[in-house]
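Here's the structure we're looking at; comments come further down.
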Amino acid sequence: MSSPSPITAFYTPTIFPPHPQQSLTVFPSSSTTPVPWVVYIHGGAWRDPQQTKDMGIPILQQSSPATWGGATLDYRLSPAVRHPAHLDDVLAALKFLVSEHGHLISHIMIIGHSAGACIALQILATLIDERKAGGTLTHLCDRIKIVVGVEGIYDLVELGNEYPSYRGFISEAFGEDEELWDEASPSSFQWHELLADDNRLNAKIVLVQSTGDQLLSMNQTKAMQSILDNAGWNPEVKVINGGSHDATVESKALFDILRDLYRYMDDL
C-alpha cells in the first residue's frame with residue numbers, strides 16, 4: 001500500500017488570515033488502525049527563518065517506519081514574538097494534530113532540535129501540569145511516550161554565561177530579565193513533582209549530543225541529564241562522534257538511535 005501524500009495545513013484555522021509560520025506538514029499513515037506518530041520541532045535559536053519544518057522531512061521520510069504517521073511544524077519567530085508564543089504555537093499544533101488525526105494516533109514521539117529541544121521539554125512539562133489539573137490536553141499528554149532532545153538548549157542563563165554572544169538572541173526570544181530566562185528553562189522545572197507514581201504515564205526522555213557540535217558544548221546536555229537523574233526520570237544520553245550542529249539532524253548516527261527508539265515504542 002502506498003503512503004498518502006503529505007498535507008500542509010494551518011493549525012490555527014479560526015484565525016484569518018493565518019500566520020504563514022503557524023503551519024505544519026502532516027505525513028499521514030497508510031494504516032487504518034492507530035499507529036505511532038513522530039512529531040518534529042525545528043531549532044534556529046527561536047529566530048532563524050532558514051530553519052523551518054522542512055528540516056524534519058529527512059527524519060520522517062528516511063528513518064521512521066513506513067506504516068507510522070508523522071508531522072513537522074513551524075512556529076512564529078522572534079523578534080516578532082516572545083516566549084511563550086513559540087510554546088503556545090507548538091501546543092496549538094499538537095492539539096490540532098490530535099483533533100484531526102487522533103483516531104489514528106496510538107503514541108507520539110516528539111523530536112526537538114536545539115531550541116526545538118527546549119520547546120519539546122517545555123511541552124512535556126506543560127502537558128503534565130495540564131493532566132494534573134484535569135485540563136483539556138490530558139489525552140495528548142497520555143499519548144506522548146518519548147521526547148528526544150537533539151543538541152538541545154535547556155538552561156538559558158547558563159547558555160548566556162557560556163556564550164556571551166548568544167545573549168542577544170536569548171533576549172529577543174525571552175526578554176532582558178534573566179529571571180524570565182530561568183523560569184522558561186527546562187533545567188528549572190520541578191521535574192520531581194512532574195514524575196508520575198505510575199511509571200507507565202512517564203515519557204522516556206532521550207538527550208542526544210554530538211561531539212562535533214560547533215555551537216553547543218556538552219554542558220547543556222550534561223546538566224539536564226543530572227537534573228533529570230536527580231528527579232528520578234532516568235534519561236538516556238546518546239553521544240554522537242563528530243557531526244556539526246545542523247548536520248546531526250540528518251546523520252546516520254541519529255537515525256540509528258531513533259530506530260532503536262521506534263522499536264521500543266512499537267513494543268508499548
Self-check item: Conditions (1) more than 22 Å from residue 249 (Cα to Cα); (2) at pLDDT 95 or above; (3) over 17 Å from the mean Cα position of the chain (by Cα); number of the one not met by residue 50
Solution: (1)
Quiz item: Which of the residues that make up segment 23-43 are crowded, with 20+ Cβ neighbours inside 10 Å and touching a residue at least 60 places away in the same chain (Cβ under 8 Å)?
Solution: 24, 26, 29, 36, 37, 38, 39, 40, 41, 42, 43
Practice problem: Starting from segment 102-114, keep only residues that are in a helix (DSSP H, G or I), then list their pairs with residues that are surrounded by fewer than 22 Cβ atoms within 10 Å (Cβ to Cβ) and among the hydrophobic types (A, V, I, L, M, F, W, C) whose Cβ atoms are within a distance under 8 Å, requiring at least 6 positions of separation or different chains. | Solution: 104/35
Exercise. Would you mind telling me which numbered condition in (1) modelled with pLDDT of 95 or more; (2) surrounded by fewer than 22 Cβ atoms within 10 Å (Cβ to Cβ); (3) at negative phi residue 175 fails?
Key: (3)
Quiz item: Among the residues of segment 135-169, which ones are over 20 Å from residue 97 (Cβ atoms), without any contact (Cβ under 8 Å) to a residue 60 or more places away in the chain and either assigned to a helix (DSSP H, G or I) or in contact with a strand residue (DSSP E or B) (Cβ under 9 Å, 6 or more places away or on another chain) (or both)?
Solution: 156, 157, 160, 161, 162, 164, 165, 167, 168
Self-check item: Yes/no for residue 77 being part of a loop (DSSP other than H, G, I, E, B) and at pLDDT 95 or above
Solution: yes
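Please verify whether residue 142 is modelled with pLDDT of 95 or more and open to solvent by 40 Å² or more (accessible area, probe 1.4 Å), treating the condition exactly as stated.
Values: modelled with pLDDT of 95 or more: no; open to solvent by 40 Å² or more (accessible area, probe 1.4 Å): yes.
In short, no.
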Exercise. Scan segment 240-263 for residues that are exposed (fewer than 14 other Cβ atoms within 10 Å of the Cβ) and touching a residue at least 40 places away in the same chain (Cβ under 8 Å) and jot them down.
Key: 259
Quiz item: Counting only residues that are free of Cβ contacts under 8 Å to residues at least 40 places away in the same chain and not β-branched (Val, Ile, Thr), which one in segment 76-99 is farthest from residue 24 (Cα to Cα)?
Solution: 80
Quiz item: Any idea which of 237, 206, 148 is surrounded by fewer than 19 Cβ atoms within 10 Å (Cβ to Cβ) and β-branched (Val, Ile, Thr)?
Solution: 237
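Could you please find all residues in segment 80-90 being farther than 17 Å from residue 149 by Cα and part of a helix (DSSP H, G or I)?
So the first thing to find is which residues in segment 80-90 are farther than 17 Å from residue 149 by Cα, and the list is 80-85, 88-89.
Those that are farther than 17 Å from residue 149 by Cα and part of a helix (DSSP H, G or I): 85, 88, 89.
The values are calculated or read from the model by the stated rules, or taken from the named source; none is laboratory data. Note that this is a predicted model, so its numbers are computed, not measured. Every residue, glycine as well, gets a Cβ built from its backbone with ideal geometry; the counts of neighbours run over all protein chains shown. Heads up: the accessible areas ignore ligands, DNA and RNA and are worked out on the full protein's heavy atoms, side chains in. Shrake-Rupley method; radii C 1.70, N 1.55, O 1.52, S 1.80 Å.
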